[in-house]
Structure formats: C-alpha cells, structure tokens
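Student: Just passing along the structure, written as structure tokens.
Every read-out reported here was derived from the displayed coordinates using simple, explicitly stated rules and does not represent laboratory data. Everything quoted here is computed from the prediction, not taken from an experiment. When we count neighbours, we look across all protein chains shown, and the Cβ atoms used for this are built from the backbone with ideal geometry, even at glycine.
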Amino acid sequence: MQCPNCGRNVRSKNQCAYCGHVFNKQEVAELKEESRNEDVVQETPRRSSGGFSRVLWGIIKLVLAVAIVFLAFLYGPRIINQVVDYFQTSDTEVVQNTPEEPVTEAPVTEEFEGEEPSEDTQDSESETEDSAATSETEESTELSESEESNADGQLSIVNQEVNLDEYPLTNVALEFNESLDNVDSTTFNFTIDANGETVELEDDYSLVKDGQTLTISFNDPSVAVLSTEAQEQVLNVESESLGVSESISYEVPTTSLDTEQAEFFNSTITDNLASIGDVSTVVYPQDAEVPYVYDDHSVEADALISWFVLGFTFNAIEDGELTLEDSVVVSSDLVAENDEGIVATAEEGTEFTIQELLSAVVEANDVSAMNHLIQETGGPNAFNLWLNESNYFSTRVTQMLTMQESGQVTGAVTSAQDIAQLLNKLANNELVSEEADATIKELLLNTPVTAKYPEGQIAGYQTRYEIASADTNTAQQNYAGIVELEDTYYITVILTSNFTSAEEVVPAISTSISNIVTYFETGQTPEEVAEEEAATQAEAEAQAQAEAESLAAEEAAQSQVNVVEESTPETGTVGEDGRTYSNQYVDNIGSYVNLPEETVYDETTGETRPAEWFFDESDGRYYYR
C-alpha cells in the first residue's frame, strides 16, 4: 500500500513509518480495497489438449528415441573401434607377462561439515552416475556381442605366417578376422606338438598385437632333439573364452649337432648332476648352429640375473640415457634384505657412480647394486619390457631382488637358453656394441674365483668370462661363462637346485665342464685322454731307457776286454777284432798285460793320449780310461 501523504509503500494500515502521517477512516478503507485488488490472481484460459493425434505423435517420438539409444549402445562401440583402427597410424601393442603397474586411486574431494553440496557438485555426481551406468551398459553390450560372435564362430584365424630365419627363435604371425582389442596374455593357451609330445609354452613367449594380427615369438622347446631330417611341428592356439581352437603346422630346420657329442653331453649331465638334484644345462660351441640343451625350463635366476642387468644398463648407456660417471643416491627402499654389500651397508644418501655399481655387481654379486641399476635405467617394468623385446622370454623380475640367508638371490627367473643366448651375443660382440662389449668383458675379468670351473684341466685354455653362484649357496649352484681356447670358445650354462649339499654339486659341475669341453675338442673322454697320455709317456720313458742302455753297452764294449788267454795275439800283432795288441801297463796290478792299444781324448789338454788300463776284480775284466 502507498501512503497518501508521501507516496511510499508501507505495510502498516494506521500510520506511515516514513513521514509519520496518521491515516483517517476513509484513507484506511481505500488502502484495504487497494490491497484486495492486488491479491486477485487472474486465471488464464486452458488450451485444448490437441486430441488423439497429438498423443499418438508423442508415443511415436518416444519409440524412435528409445530405438536410437538402443542402436547406439548396440553398435556404437564397434563403429568407434573400427574408426580408430582405420585412422590410427601405429596401434601396435606388446602384451607382456610382467608385474602389473600399481593402481592409483582417484583423489577424494573433501566437503566441509555442515555444508550442503553445491549445485555443481550435485550435477557432477549425477553425470558420474550416468556415465557409470552407460559404461556398464556398454560393457554388457560388448560382452553380449562377443559371446554371440563366438557362439557363431566368427572369430577365427584367416591367415598365418611362420618365420624361422633365426631358429630356434620361432615367430608366428596370426591374422584374425576381427579386432583383438580385448586380447591379453591370459586370453590364449599355446602348446607345441613335436616328436610325439605336447609341450605347453607357459609364460616363455611374447605376444605383439597389431590391429587384427597377433604375433607370438618363442624359442623352440624341442631344439635339443636331434634329427637328420626336417621335423614337423604344430602350434596349437586355444581360447575357451573366444571360442578359438586352431592348429598351425610347419617344418623346423634339420639340426647339425654331432650325434656322438650329443649323447656324451646328455650322459655326462645325467650321470654327474641329474642323479644328485635338478639340473638344466646348455653348451653352445662357437661353430654350432644350435646349442646342446638338457631339460631347459624357467628357474630362479639367483646371481645370474646380473648378466641381464649388465646388458640392460650398457644398452641404456649406448642410447645416451646415462653414463658411467653418473651418480646414483642410495635409497633404503632399494636395499636388499640380508645383503651386506657395499651399497647395502652405505648410509642413506651416499652416492655411487654407475661404474662403481657395475663393479659391485660383477665383483661381489651385489644385490642392492642391481636394484639401484634397474631403478636408474627405468624400473622393473622397463627392464621386463627390454627382456621381452630382446627375446629373453623366460627371464623377468617378479619383485625387488632380495638375498636369502642361504645365499640365494630371489626375485627373478630365467632359463639356461636365455643366458646362453645373451652370452653368445657377448662372445660375438653383438650384445650392445663392439666397444661396450669389450668394456663388459674387461669387467668380467674381476669376478670371484669359483671352484665350479675346472682350473688347469682344459687344454688350450686362454681366458674366460663368467658369473656364478657363491660356492657356499645351499639353495642353488649356477655357473654361466664363455671359455675361450686358442682357436674357439665354448658357452657353458649349468643351473642346479634341490641338491643335498653344495660340497657335492660344486665339484660335479667342474667335472662336467671339463669332460664336455675336452670331449668336444678331442673326441675322447678325459679318461681316454689320460690313458693315451700315460701310454705315450710310458713309451717315451721306455725308449729313453733303451737308448741309455744301448749307449752304456756300446761304451762298455769299447772299454772292456777279457782277461788275457792263451789265444791272445802276440805283442804287436793285430787280433781278430781288428785292433793292435801290445804289452800295456795295468795300474792296479803293477804289471804289463797284452792288451789292445787304445787312445782317449783328454779334455784338460784338448789332445788324445794312450789309454790307462786297470783291472776290475769284481767281474775279472780290464777297463781303460
């Protein structure tokens, strides 16, 4: 209401609060009437509902909207994947059997107590719920499509290509008829049929996805079996979840291994080592196309994981990611349990150069130094990726390396074939580069002396590059090295475990290395070599003795005559032996005797002189000097 005096809006019906004017009865009546008129709300006429046609049109629009949404859920993900596959220039993905990355939780937004959520927060939560519901719907739709597709047998191998150029490394490319977006290392099961046996590849392979192509790479598990003809193998590809069951046949090259050498190799390992524990062995002569393999399988790597740490670190140096002079700060998080090396006992924050860490690894099997080198060159996942890409399919770190009380290094697995493959590259200066490989070999000359190597027992030995378990290790006894002779080299890897005592297995490893290398070099067993050497020495000694006896007999014949007999020629005559006889003075009897006229060379005067005769009472003969 407005005051009749000042015109301002007031709520009191008796007096204006602004000018103080007191309303009379007539003004009060007018103000009440004005108030009633303001409270009246005018009604707006309702529009017609439009009838049946408008209702029908609304129903049609609703049905169309639901159909569009359903089709988007049904075919949207597939269309998006096809578009991405078409436009993406490089969608190659490596599927690894490696430890998973830690999952990082989403940050939590705190709300102060007593405050209501803002409209923005409510909208965000609503959008999140809608997004989650949409995601669940899409996943359900994709799963239904996958199950329907697999039920119809739509996913299948349409083409395959087998590459054996680097045998025993085998690469098989499998082209499928559909995208492999949901395929990982657990999707397929791979087995090999060879020589009447089926071998499961387990984790010893790598998978590379590229669009609709899946490439599996592995080392032939049957390489140790000798054959003079090409062998047929079958790679079986199974996936229960995807409804895939395919077999790919191919022929592997013939092996050029010497049959007698292979039999001796197998019998030596069986007799010396397999009888006292579990053993896996590879011997790789320089001139062999493939190695000699005995029961190759994945085992705890122990100290031999350091071979791969060296290779990984020097590759990083070669790529310019770090240098030997770079400093690394000691972190307690990377110190191995039970380790008493120089890195583990250093104070937190102490700095070591890369060169010092490498030396600690080589000279003392320093586990904490290995942990710091792995972390400095990219961490365990980068290390595992490099191992996989380098075709070391059985080798990986599964946790931070630690030292057990038994002396065993745990946290990594490997195989004899993986180690032999790395050593073969190093022997041929193909591991990193010629210069880097020379540096690695120089470092390896400082490894600890081990009784597992047969010192002084291999003919033609020049030098060796080796890394081995500590001889006191009660859980594993491993040896891996390159033994260089005058004209060739031998790569030897022996991995043993589950034995009764280290004192028994250490000399057995030494004997095995000596026997195998000796046989491969000479074609003879060490016993045969020893027998031949003994026979040769005995023959030489007998010949020398015979020559000595012959010389002594000749000298004796020349310096002795029989006692004078009646048939002795007269003085001054020539006897039947062609010598001239005359009376010669015999010193020790003090008389003359008819004896041959002999002369001898006097070393003192350098001239010849008449011989001096004497009589030997023990045999009754005359001798001259």
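Student: Can you tell me the FRET efficiency between THR213 and THR472 if r is taken as the Cβ-Cβ distance and R0 is 45 Å, rounded to the nearest 0.05? If you can, show how the numbers build up before the last one.
Tutor: Working: r = 50 Å, r/R0 = 1.12.
It comes out at approximately 0.35.
Student: Sticking with this structure for a sec: ASP193 to ALA542: extension gain in nm, 0.36 nm per residue of separation minus the Cα-Cα distance?
Tutor: Going from the current span to full extension adds 119.6 nm.
Student: Right, next: For the stretch 157-255, what's the radius of gyration and Dmax over Cα atoms, in angstrom?
Tutor: 13.4, 43
Student: How do 186-195, 388-397, 300-309 rank on mean C-beta neighbours within 10 Å, highest first?
Tutor: Listed from highest to lowest mean packing, they are 300-309, 388-397, 186-195.
Student: Arranged from highest to lowest average of other beta-carbon atoms within 10 Å per residue, in what order do the peptides 362-371, 427-436 appear?
Tutor: The packing order, highest mean first, is 362-371, 427-436.
Student: Only residues of the stretch 514-551 count here: report those whose backbone N is under 17 Å from the spot 7 Å along Cα→Cβ of THR270, or say none.
Tutor: 516
Student: A follow-up question, please. For THR398 paired with CYS6, estimate the spin-label separation in nm (one decimal), with each label point 7 Å from Cα along the Cα-to-Cβ line.
Tutor: 9.1
Student: I'd like the Kirkwood hydrodynamic radius of the stretch 335-410, using the inverse of the mean 1/r over distinct C-alpha pairs, in Å.
Tutor: 13.1
Student: For LEU164 and SER53, what is the calculated FRET efficiency with R₀ set at 56 Å and r taken between the beta-carbons, to the nearest 0.05?
Tutor: Result of the calculation: an efficiency of 0.15.
Student: Hey, what's the Cα Rg ratio for the stretch 223-345 versus the globular rule of thumb, 2.2 N^0.38 Å?
Tutor: 1.60
Student: Another one. Can you compute the modelled spin-label distance between GLU232 and TYR601, with each label point 7 Å from Cα toward Cβ, in nm?
Tutor: Going from the GLU232 label point to the TYR601 one covers 8.4 nm.
Student: Same structure, new question: What percentage of all Cα-Cα pairs in the stretch 261-525 are separated by more than 32 Å?
Tutor: 19
Student: Hey, another quick one. Would you mind getting the Kirkwood hydrodynamic radius of the stretch 278-382 from its Cα pairs, rounded to one decimal in Å?
Tutor: Result for the stretch 278-382 stands at 15.3 Å.
Student: While we're looking at this one, here's another question. If the chain between ALA611 and ASP319 were fully stretched, how many nm would it gain, using 0.36 nm times the residue separation less the Cα-Cα distance?
Tutor: Roughly 96.2 nm would be gained on extension.
Student: Something else about it: What is the Cα coordinate range of the stretch 159-198 on the first, second and third principal axes, sorted by size from largest, in whole angstrom?
Tutor: The Cα atoms of the stretch 159-198 stretch 34, 23, 16 Å along the principal axes, largest first.
Student: Quick check: residue separation of VAL28 and GLN524 times 0.36 nm, minus the Cα distance between them. What number comes out in nm?
Tutor: Numbers: separation 496, 0.36 × 496 = 178.56 nm, distance 13.65 nm.
Full extension from VAL28 to GLN524 adds 164.9 nm.
Student: Now for a different question. How would you rank 575-583, 411-419, highest first, on the average number of other Cβ atoms within 10 Å across their residues?
Tutor: Top to bottom by mean Cβ count within 10 Å: 411-419, 575-583.
Student: Using Cα pairs under 8 angstrom and six or more residues apart, how large is the relative contact order of the stretch 261-525, in percent?
Tutor: Relative contact order comes out at 25 percent.
Student: What fraction of the Cα pairs in the stretch 451-517, stated in percent, has a spacing above 19 angstrom?
Tutor: Here the tail beyond 19 Å accounts for 28 percent of pairs.
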